[in-house]
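Have a look at the structure below before the remarks.
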2 protein chains.
Amino acid sequence: MLKLYTFGPAANSMKPLLTVFEKGLDVEKNRLDPSKFEHHTDWFKAINPRGQVPALVDDGKVITESTVICEYLEDEYPTEVVLRPADSYGRAQMRVWTKWVDEYFCWCVSTIGWHRYIGKMVAGYSDAEFEEKVKAIPVVEQQVKWRRAREGFPQDILNEEMRKIAYSVRKLDDHLADHEWLVPGQYTLADICNFAIANGMQFGFAELVNKEATPHLVRWIEQINARPAVKAMFEQVELEKLGPRK
Amino acid sequence: MLKLYTFGPAANSMKPLLTVFEKGLDVEKNRLDPSKFEHHTDWFKAINPRGQVPALVDDGKVITESTVICEYLEDEYPTEVVLRPADSYGRAQMRVWTKWVDEYFCWCVSTIGWHRYIGKMVAGYSDAEFEEKVKAIPVVEQQVKWRRAREGFPQDILNEEMRKIAYSVRKLDDHLADHEWLVPGQYTLADICNFAIANGMQFGFAELVNKEATPHLVRWIEQINARPAVKAMFEQVELEKLGPRK
């Protein structure tokens with residue numbers, strides 16, 4: 001039985017979650033609560049020593065990193081629904097897009113998200129409680145990010161991230177003006193991985209992502225939201241909260 | 001005919017270069033001169049609008065991003081020499097390592113390299129000449145990096161990058177203590193992509209990478225340098241400077 005550990009259908013966690021819904025794979029879905037630092041508990045660090053979701057466990061083998069998990073599911077479970085081009089050039093184009101999400105797009109959006117929500121999320125902890133939680137984080141850079149989120153990010157960092165977000169949505173809209181999907185002719189992991197970050201920006205970043213400024217990006221977001229697998233994923237969240245915690 | 005554009009056998013350029021040598025592929029090798037900003041000229045930006053090497057042209061199709069090019073070569077040219085595990089879990093392990101190079105290891109080493117060499121490399125340009133070159137760079141973040149390299153990186157950035165380098169070589173040495181290759185049992189793109197960054201650190205970062213501090217990492221670097229394809233690659237550089245400039 002496949003076991004998937006996520007924070008639910010948003011950001012990096014959404015990538016493998018949507019992939020398993022699209023492919024119709026039978027997967028035990030485990031949802032961790034970031035506000036309780038569940039991903040930094042000993043039981044989860046026994047699965048992923050870096051203390052990060054998503055993580056996939058397949059018959060005892062642990063696969064980490066959202067994009068790597070998505071390609072693993074394609075490699076290991078060739079279903080009727082294929083989310084990767086058959087030709088080498090199409091695969092390369094797909095990988096340029098998924099790499100761009102991981103190295104650029106997800107970071108700027110994530111920092112603004114942390115700025116808006118993570119500070120509030122941990123406001124209930126005393127300084128001592130918070131520091132104890134932070135000490136359990138295995139990745140030094142993540143410790144820095146949690147502390148910054150609590151203290152408040154410097155304004156110059158926030159400005160720079162907003163500049164990158166504006167550049168990113170422009171880039172996506174320009175490309176989607178001429179293409180139905182990111183890789184021409186096929187819905188692929190490139191769409192899933194970018195959608196995981198872009199979906200919701202029409203609300204959270206409405207001044208940048210809207211029908212006037214980015215009509216093609218909005219069309220593409222709506223197109224993906226209309227897919228049966230995407231609807232089923234969001235519906236199941238409501239019904240079952242995507243499974244047990246552990 | 002495959003055409004490969006690189007700066008020669010170092011850093012990201014080495015990844016596809018070594019891959020074609022290992023696979024014995026017949027490739028036209030074009031070497032650009034970074035000190036002349038050849039990668040930001042119009043003729044090269046017509047190939048890669050981001051003005052970055054390496055780039056591969058295969059029958060008119062352009063493939064960019066060093067790691068993506070390596071996987072493309074494996075996908076499109078299944079030679080006797082196979083540099084990617086046959087099983088899905090092995091591929092996932094390989095991709096976690098190549099991703100780590102691209103997102104972490106290459107950046108800290110690169111910044112110190114820029115600090116040491118790029119400032120000197122462009123010292124012969126006047127401020128006006130330098131600014132004209134920088135304006136031709138299509139990626140904003142790269143413009144910032146060139147300017148910083150000329151002015152001098154802030155000390156706190158250099159300290160942080162050195163901390164990351166120390167962490168990186170420790171991580172590699174610890175893993176290689178128990179494994180001949182990064183992915184157990186097979187020489188893969190994980191080794192090639194990490195070697196592209198790690199080779200030479202036994203000289204440039206001798207205080208961190210040496211037989212006492214990191215014996216397993218040094219053993220692995222020597223082991224790769226002893227491969228016929230690696231020797232042939234470095235020899236060809238001396239003989240032919242790896243091809244024409246254009």
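A short reminder: the numbers here are calculations on the coordinates, not readings from a lab. In this text the structure is predicted, and so the values were computed from the model without any measurement. Every residue, glycine as well, gets a Cβ built from its backbone with ideal geometry; the counts of neighbours run over all protein chains shown.
For this structure, a couple of remarks:
- Positive minus negative residues near residue B:111 (Lys, Arg vs Asp, Glu; Cβ under 11 Å): +2
- Calculated [222 nm] ellipticity per residue, helices only, for the protein assembly as shown: -16000 deg cm²/dmol; basis is -39500 (n - 2.57) per DSSP H run with n ≥ 4, divided by all residues, nearest 500.
- From the alpha carbon centroid of the stretch A:44-77 to that of the stretch B:166-221 is 24 Å.
- Across the stretch A:2-76, Cα pairs under 8 Å and at least six residues apart give a relative contact order of 36 percent.
- 5 Å-binned pair-distance histogram of the stretch A:2-76 (Cα, whole percent): 3, 18, 32, 27, 14, 6, 1
- Inter-copy separations for residue B:170, label at 7 Å along Cα-Cβ, nm, ascending: 4.1
- Note on chain B: antiparallel DSSP beta bridges, both residues inside, total approximately 60 percent of the bridges counted.
- Taking the C-alpha atoms of the protein assembly as shown, convex hull volume expressed per residue in Å³: 164 Å³
- Membrane-span-like helices in chain B, defined purely by DSSP H runs whose alpha carbon atoms cover 27 Å or more axially and whose average Kyte-Doolittle hydropathy reaches -1.0, are B:155-178.
- Taking amide H atoms as placed 1.01 Å from N in the peptide plane, the amide H of residue A:181 lies under 5 Å from those of A:186, each 5 or more residues away in sequence or on another chain.
- Axis-proximal residue, chain B, for the rotation superposing B on A (Cβ, Å): B:103, 3
- Net charge of the neighbourhood of residue A:215, taken over other residues with C-beta under 11 Å away and scored Lys/Arg +1, Asp/Glu -1, is -1.
- When chain A is reduced to its Cα atoms, the Kirkwood hydrodynamic radius in Å: 18.9 Å
- Greater than 29 Å apart at Cα, pairs in A:171/A:231; A:135/B:99; A:61/A:164; B:15/B:120; B:3/B:120; B:61/B:164: A:61/A:164; B:3/B:120; B:61/B:164
- Inter-copy spacing of residue B:45 label points, which lie 7 Å from Cα along Cα→Cβ, given in nm from shortest upward: 4.8
- Contact order normalised by residue count of the stretch B:88-227, Cα under 8 Å, 6+ apart, percent: 31 percent
- Expressed to the nearest 5 percent, the antiparallel share of DSSP beta bridges inside the protein assembly as shown is 60 percent.
- For residue B:3, label point 7 Å along C-beta direction: distances to other copies, nm: 5.3
- Among beta bridges from DSSP that stay inside the stretch B:2-76, the antiparallel ones total about 60%.
- Cβ-based exposure ranking for B:126, A:35, in which fewest neighbours within 10 Å come first: B:126, A:35
- Note: relative contact order over chain B, using C-alpha pairs below 8 Å and six or more positions apart, is 27 percent.
- Net charge over other residues, Cβ less than 14 angstrom from the Cβ of residue B:86 (K, R count +1; D, E count -1): -4
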